[in-house]
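Structure record follows, encoded as C-alpha cells.
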Amino acid sequence: MLPGSQLMEIVALSLKVSVTAVLLAALIGIPLGALLAIRRFPGRTTLTVLVNALMGLPPVVVGLGLYLLLSRSGPLGVLQLLYTPTAMIIAQTILVTPVIASFSQQIFSDLHHEYDEMLRAMRASRWQTVLTLIHEARHALITAILAGLGRALSEIGAVMIVGGNINHATRVMTTAIALETSKGNLRLAVSLGLILLALSFAINLALHFLRSRLERAAHA
Amino acid sequence: MPESNILPLKPKGRQEAGAGFLISVDALGYRRGGRSLLDAVSFELSRDPGITVLLGPNGAGKSLLLRLIGGLIRPDSGTIRFSPDFRGPIGMVFQKPVLLRRSVRANLLHALAIARIPRRERTGMLARLLVAADLTHCAESPARALSGGEQQRLAMARALVGDPGLLLLDEPTASLDPAATAAFEALVCKVAGEGARILLVTHDLHQARRIADDVLFLHKGRIFEHTPATTFFRAPASGEADAYCKGTLLT
Ligand SMILES: Nc1ncnc2c1ncn2[C@@H]1O[C@H](COP(=O)(O)OP(=O)(O)OP(=O)(O)O)[C@@H](O)[C@H]1O
Ligand SMILES: [Mg+2]
C-alpha cells in the first residue's frame with residue numbers, strides 16, 4: 001500500500017496537470033468561441049463544425065497523435081517532452097479546448113443576438129461590446145470551464161500514452177487506478193477512485209450552484 | 001432655457017434655429033423576403049424640439065422605421081439625412097426592453113460608461129436618472145426581476161444618458177399603469193421642452209392627443225399623412241387614418 005504522502009503526490013499532480021490544461025484551454029477556447037459567435041469571416045462555418053466535431057475526440061487518439069509528434073523519432077522529438085507532465089498538459093489542453101470553445105460559442109452567440117442592437121444603439125465600441133458580453137457571460141463561462149475540468153480529470157487515454165504513468169513523475173489518479181487495479185491492489189485503487197469521485201462531485205456541485213445562481217441573477 | 005434639475009441636459013444650440021429639418025427621410029425602402037415592408041417613406045422632422053407621434057396598425061413597419069432611423073439596419077433604397085448641426089446621441093427605447101443581467105444601478109452605470117461620461121460625474125447623473133424614472137426604491141434589484149413597467153422605465157432612463165438630441169421610443173408606455181404613464185408623459189414633455197426631438201410610437205390614441213405636436217401615420221409600409229396633431233385629430237386627411245382612429249381599419 002502506498003503511504004499517504006504518495007497518494008497526495010498523485011492527487012496533486014492530477015490537479016496540477018488538469019487545472020493548468022483547463023486554464024490554457026480557456027485562454028484559447030473562450031476567445032475562439034467569442035470570435036466564432038460574433039465575427040463573420042470566411043471559413044467560419046468550417047471552423048465551427050470542426051470545433052464541435054473535436055469535442056468528441058477520443059482521448060486515446062489524441063494521446064497517440066501527440067506520442068507520434070513527441071517520440072524521439074517524431075518531428076518534435078528534440079523537445080524531449082515525452083513522458084513529462086508538460087506532455088500531459090498539452091494533451092489535455094487539446095482535449096478540453098474544443099469543449100470550452102464550443103460552450104463559449106453558444107454562450108456568446110445567444111448574448112450577442114440579444115444585445116447587439118441595444119449596444120449599437122448605445123454606440124458602444126467593439127471593445128466595449130466585447131467587455132459587456134464577457135461580463136454578461138461570466139457565470140455561464142465558469143460552467144464551461146468546470147465542464148472542461150471534469151473532462152480533463154477523468155480522462156486516462158491521453159495521459160497514459162504521453163505520460164507513461166511513471167511513479168513520482170507522471171502518475172495521476174486515473175493511471176494509478178488502472179495500474180493498482182491490474183496489480184490487484186484494490187484497496188488503493190478504490191480509495192483513489194473515491195477521491196476522484198469526490199472531486200468530480202464537488203465540480204458538479206459547483207456547476208449546479210453556479211447555474212442556479214446564474215438563473216436567479218438573470219431571472220429571464 | 002431652464003436649467004434641468006432632473007436630467008443631465010446641457011444647453012443645446014439647435015432649438016433657436018426655427019427653419020429647416022433635424023432629420024430628412026427621403027424615399028426610404030426596405031424589403032425582406034420579396035415583401036416591401038417600407039415603401040417610398042419620406043418625411044422631415046423639424047429641428048424645433050417637440051414630439052412626433054408615429055401611428056399605424058400592427059405590422060405597419062413602425063418599429064422597422066425606428067430601427068432604420070437609429071442606424072441599426074440599412075435601408076435598401078432612399079436616404080436618411082441629419083442636419084449638420086445635429087448633436088448628441090440618439091436615445092432608443094425598444095418595444096421589448098433589453099436589459100443587462102445586472103442590477104438597475106449597474107445597468108445605468110454601464111450606459112454612463114459606454115457614453116464615456118467622466119467617472120466623477122456618474123454618481124450624480126445616476127441619482128438624477130433614478131429619480132427621473134422613479135426607480136430609486138429598486139436601484140439594487142436585478143433589472144430582469146423588475147415588473148414590465150419598471151423595465152420600460154429603466155430602458156427610458158438609459159436612453160436619456162448622454163443627453164440625446166433625438167429619442168426614438170417604441171411603445172414606451174405599453175405596460176405602464178396610468179400613474180406611471182402620466183409620469184412618463186410628463187418626463188417626455190420635459191425632455192422635449194429642453195431641446196430634444198422625440199419620435200414616439202404608440203397605439204394609445206388618448207396619449208397621442210395629449211402629447212403629440214405632429215402625427216405621422218404609417219400603414220402597410222407607407223406614410224399616409226404627416227400633419228399637426230390638432231389637424232390630425234380634428235379630421236384625418238386620409239380615409240385609412242380615419243378608419244384607424246375609429247378602429248375600423250382592416251390590415
Ligand atoms: N427582419 C425581418 N425580416 C422579415 N420581415 C420582417 C423583418 N422585420 C420586420 N419584418 C416584418 O415587417 C413588418 C413590420 O414590422 P414592424 O415590427 O415594423 O411592425 P410595427 O408597425 O412595429 O407593428 P407593431 O405595432 O405590432 O409593433 C411585419 O410584418 C414584420 O413581420
Ligand atoms: Mg412595433
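The values are calculated or read from the model by the stated rules, or taken from the named source; none is laboratory data. Predicted model, so just to flag it, every value in this text is computed and none were measured. Here the Cβ is made from the backbone with ideal geometry for all residues, glycine too, and neighbour counts use every protein chain on show. The protein model used for the area step is the full one, side chains on, heavy atoms only, and it has no ligands, DNA or RNA in it. Shrake-Rupley method; radii C 1.70, N 1.55, O 1.52, S 1.80 Å.
Every Cα-Cα pair of the stretch A:15-135 was included, and the share exceeding 21 Å stands at 49 percent.
When all protein chains stay in place and ligands, DNA and RNA are ignored, the 1.4 Å accessible-area order of A:10, A:161, largest first, is A:161, A:10. The alpha carbons of the stretch A:4-219 occupy a box of 65, 43, 23 Å along the principal axes, longest dimension given first. Rounded to the nearest 20, the size of the Cβ-charge dipole of chain A about its Cα centre is 200 debye, with Lys and Arg at +1 and Asp and Glu at -1. Note on chain A: GNM, Cα springs under 10 Å; of A:100, A:89, A:166, the largest mean-square fluctuation is that of A:166. Net charge dipole, the protein assembly as shown: roughly 940 debye, given to the nearest 20, about the Cα centre with Cβ charges of +1 for Lys and Arg and -1 for Asp and Glu. Given a 1.4 Å probe and the protein chains as shown, residue A:8 ends up with an accessible area of around 120 Å².
Shown here is the pair-distance distribution of the stretch B:142-186: with all Cα-Cα distances grouped in 10 Å bins from zero up to the longest one, the shares run 26, 55, 19, 0 percent. Computed with a 1.4 Å probe on the full set of protein chains, the accessible area for residue B:123 sits at about 100 Å².
Net charge in the neighbourhood of residue B:236 (other residues with Cβ under 10 Å of its Cβ; Lys, Arg +1, Asp, Glu -1) is -1.
Between the listed residues B:69, A:108, A:3, the Cα displaced farthest toward the positive end of the dipole of the protein assembly as shown, a dipole computed from Cβ unit charges relative to the Cα centre, is found at A:3.
What is the dipole size for the stretch B:16-245, taken about its Cα centre, with +1 at each Lys and Arg Cβ and -1 at each Asp and Glu Cβ, in debye to the nearest 20?
Dipole magnitude for the stretch B:16-245 comes out near 980 debye.
Residues in the stretch A:114-131 carry Karplus couplings, in order, of 6, 9, 3, 5, 4, 5, 5, 5, 7, 6, 5, 6, 4, 5, 5, 4, 4, 4 Hz; the curve used is 6.51 cos²θ - 1.76 cosθ + 1.60 with θ = phi - 60°, and Gly or Pro positions show x. Between A:97, A:42, A:56, the Cα set farthest toward the positive side of the dipole of chain A (charges on each charged residue's Cβ, about the Cα centre) is that of A:42.
What average count of beta carbons from other chains do you get within 10 Å of the Cβ of residues in B:98-106?
What the average comes to for B:98-106 is 4.
Within the assembled protein chains, the solvent-accessible surface assigned to residue B:153 is about 40 Å², based on a 1.4 Å probe. Lys-Lys pairs in chain B that are eight or more residues apart or on separate chains and whose Cα atoms lie under 20 Å of each other come to 6. Taking Cβ atoms as reference points and 15 Å as the exclusive limit, the residues near residue A:108 contribute a net charge of +2, counting Lys and Arg as +1 and Asp and Glu as -1.
Within the shell of other residues whose beta carbon sits under 14 angstrom from the beta carbon of residue A:94, the net charge comes to 0, with Lys and Arg scored +1 and Asp and Glu -1. Listed by chain and number, the aspartates and glutamates placed with their C-alpha closer than 19 angstrom to that of residue A:16 are A:155; residues fewer than eight positions away on the same chain are left out.
Annotation: average projected area of the protein assembly as shown is 29.6 square nanometres, based on the convex hull of Cα atoms across all directions.
Calculated accessible area for the protein assembly as shown comes out at 47 Å² per residue, all protein chains present (probe 1.4 Å; ligands, DNA, RNA ignored).
Tell me, what is the Rg over Rh of the stretch B:16-245, with Rh the Kirkwood radius over Cα pairs? Write out the running numbers ahead of the final one.
Details: Rg = 17.7 Å, Rh = 18.2 Å.
That ratio is 0.97, to two decimals.
Percent of C-alpha pairs per 10 Å bin in the stretch B:75-208, short distances first: 12, 43, 34, 11, 1.
Here the alpha carbons of the stretch A:40-86 define both size measures, Rg and Dmax, at 14.8, 41 Å.
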